[in-house]
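These notes are about the structure you will find just below.
The values are calculated or read from the model by the stated rules, or taken from the named source; none is laboratory data. Everything numeric here is computed off the predicted structure, so don't read it as measured data. FYI the Cβ positions are ideal-geometry reconstructions off the backbone, even for glycines, and counts take in every protein chain you see.
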Amino acid sequence: MTLADTHGTRWKIVMQAHEIAVTPPTVRMNDPVSKAVQLMVVNRLPGLVVVDDDDIPVAVLPGTQVLRLAIPESYRDDPALVRTVDEIHADLFWHGPGKLTVGDCLPTPVAKPVTVAPDATLLEVATVMATKRSPLIAVVNGEGRLVGAVTLERLLTSLAVAGPND
């Protein structure tokens, strides 16, 4: 983003991760999946940061991972089978993950969370997000504590507002 003062001097403003980060709700490994889904829906997030008892991020839980576990394995193995389920029963698949925990949705071993430092540039955030294929990145301080999260929507909005030639 570029600003100009009254004398016409142009100043380049560099946005950093902490400036576009949101304060995300967090979940713990033993929380029910239903809580995670509710938090994602209410806060319009593509995923959640999973933290330990010291609020240190241990994983990023994408909503697609929760959805994948909600779909019975036979349908994941052969997606053509879903066409054999009538409409009334097709919507009931979502009742399956009722007893699952957040930890059940994560791979074993749990992958290291996707993180950036608060002073990361938007280019750094975009690069990490694209290479790790994560729509949500935890912003952590030097002690590893969560200070926020950058969502794909926030990143793209910030880039769009800055404009291509600013």
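Listing for the model above:
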| read-out | value |
| --- | --- |
| Filter result (modelled with pLDDT under 95, surrounded by 13 or more Cβ atoms within 10 Å (Cβ to Cβ) and either out of contact with any Leu (no Cβ under 7 Å at 6 or more places or on another chain) or of a type in the set (D, E, K, R) (or both)) within segment 122-136 | Lys132, Ser134 |
| Whichever residue in segment 106-121 is in a loop (DSSP other than H, G, I, E, B) and modelled with pLDDT of 95 or more and, among such residues, is surrounded by the most Cβ atoms within 10 Å (Cβ to Cβ) | Ala120 |
| Number of the condition not met by Ile71 [criteria: (1) over 16 Å from the mean Cα position of the chain (by Cα); (2) within 17 Å of Ala36 (Cβ to Cβ); (3) crowded, with 17+ Cβ neighbours inside 10 Å] | (3) |
| Enumeration of residues in segment 35-55 that are surrounded by 15 or more Cβ atoms within 10 Å (Cβ to Cβ) and not charged (D, E, K, R) | Ala36, Val37, Leu39, Met40, Leu45, Pro46, Gly47, Leu48, Val49, Val50, Val51 |
